[in-house]
Amino acid sequence: MIKTRLTERFGIKHPILCAPMAYVTGGTLAAAVSRAGGLGIVGGGYAGTMAGEPDLDTELALAKTEKFGVGFITWSLERAPEVLTKALHYSPFCVFLSFADPNPFMTEIANSGALLICQVQFLSQIDVALKAGAAAIVVQGSEAGGHGASRSTFPFVPEAADYLKQHSPETLLLAAGGVADGRGLAAALMLGADGVVVGSRFWASAEALTPKVHTDKAAGVTGDSTVRTKVLDALRGTPWPGEYSFRFLKNKLTDEWVSRETEALNSFGTLSAKYAEARAQHDLQTEAVVCGEAVGLIRDRPTAESIVSSMVTDAERLLCRGGTLDFVR
């Protein structure tokens with residue numbers, strides 16, 4: 001068993017959190033990850049402001065059988081703050097906020113007894129999270145699937161570790177972006193993280209809400225098959241802040257538009273109806289199959305328990321191997 005500050009403070013067996021992926025991390029997946037010894041975080045996503053989102057009350061009720069958290073896209077939660085109030089009635093262990101200033105929600109979260117986890121994409125955002133009283137900071141590298149920014153996980157984690165050591169040594173540090181197996185977990189711990197937030201690997205788990213046609217599409221591709229771009233959000237009319245882009249599998253739509261980002265931004269929302277129709281029909285030449293660069297490490301759709309177990313076992317083996325290396329002095 002790998003013990004870290006995260007496992008001790010959160011009262012979990014393994015230093016693994018399931019990312020609160022919108023449309024993907026429902027209550028069944030969150031509960032399964034927690035039951036396996038990690039911590040599952042239900043994806044509250046756009047707080048019900050986007051069409052087709054899972055019913056949050058239903059998913060939170062399913063998750064409540066185990067310790068669980070709930071996560072939101074913060075700029076969207078600002079449009080429906082009452083959704084946080086409703087979610088807190090389910091007594092989540094933590095609330096995970098990303099992509100905007102968490103401070104407007106800090107008091108309500110603290111008063112509920114839940115811990116605040118803040119995900120950042122730039123080092124400059126850490127101070128904002130600390131001001132909000134975050135118990136843990138998640139540094140998200142650009143390798144991640146879905147929305148993110150431009151920093152890469154490998155240098156971002158140790159830089160953030162150094163920053164927190166100087167400015168807030170008690171704050172936990174978690175790594176996200178490209179972590180899909182025991183190698184990623186071991187590397188994150190060696191870089192200074194207290195644990196990891198895993199997205200794409202749980203995206204392709206038996207309990208995820210991910211459509212089977214999406215994971216079938218991803219099963220035979222590599223990380224080269226993903227693209228990070230702003231064109232899809234622009235064309236479908238989703239008002240994401242300009243510093244963030246979207247990683248998913250390349251398709252006919254990206255082939256046509258990826259080099260025309262300025263034109264896409266000037267054509268905001270023109271494909272919203274077409275995209276909604278493609279999503280309903282699972283037309284993968286238009287609909288985004290949302291996964292990170294780690295998709296190249298994913299070839300099956302096992303249970304969350306199996307994923308957690310294999311990640312921890314492999315990480316332990318790798319970390320122990322460090323003690324057998326020869327050192328020339």
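Taking a sphere under 10 Å around the Cβ of SER225 and counting the other residues whose Cβ falls inside, with K and R at +1 and D and E at -1, yields a net charge of 0.
Once the Kirkwood radius over Cα pairs is known for the chain, the Stokes-Einstein relation at 25 °C and 0.890 mPa s delivers a diffusion coefficient of 124 µm²/s.
So for the chain, averaging the separation of alpha carbon pairs under 8 Å that are six or more residues apart and normalising by length, what relative contact order in percent results?
17 percent
Pair-distance distribution P(r) for region 201-329, from all Cα-Cα distances in 5 Å bins starting at 0: 2, 10, 16, 17, 15, 12, 9, 6, 5, 4, 2, 1, 0, 0 percent.
Candidate cross-link partners of LYS165 among the lysines, defined by an alpha-carbon separation under 26 Å and a same-chain spacing of 8 or more, comprise LYS3, LYS13, LYS131.
Once the chain from SER272 to VAL213 is taken as fully extended at 0.36 nm per residue, the excess over their C-alpha distance is 19.1 nm. In a shell of Cβ-Cβ distance under 15 Å around THR49, excluding THR49 itself, what net charge do Lys and Arg (+1) and Asp and Glu (-1) give? Net local charge, THR49 excluded: -2. Each label was represented as a point 7 Å from its Cα along the Cα-to-Cβ direction; for SER124 and PHE154 these points are 2.6 nm apart.
Computed from Cα atoms alone, the Kirkwood hydrodynamic radius reported for region 30-183 is 15.9 Å. Label sites at ASP55 and GLN281, each approximated as a point 7 angstrom past Cα along Cα to Cβ, lie 2.9 nm apart.
Here the simple spin-label model places points 7 Å from the Cα toward Cβ, and for VAL221 and SER91 these points are separated by 4.2 nm.
Report the equivalent ellipsoid semi-axes for region 1-103 in whole Å, largest first, defined as the square roots of five times the eigenvalues of the gyration tensor built from alpha carbon atoms.
Semi-axes (√(5λ), whole Å): 23, 15, 11.
Return an integer: the convex hull volume of the alpha-carbon atoms of region 207-276, in Å³ per residue.
It is 119 Å³ per residue.
For region 139-280, the share of alpha carbon pairs falling in successive 5 Å distance bins from zero is 2, 9, 16, 18, 18, 15, 11, 8, 4, 1, 0 percent. Here the extension length gained between SER306 and ARG79 equals 78.0 nm, from 0.36 nm per residue of separation less the Cα-Cα distance.
Tell me, in nm to one decimal, what length is gained between ASP162 and ARG183 on full extension, where the rule is 0.36 nm per residue of separation less the Cα-Cα distance? Extending this stretch completely gives an extra 5.3 nm.
Coordinate-derived values only; no laboratory data. Bear in mind the structure is a predicted one, so any value in this text is a computation, not a measurement. Cβ: placed from backbone, ideal geometry, glycine included. Neighbour counts: every protein chain shown.
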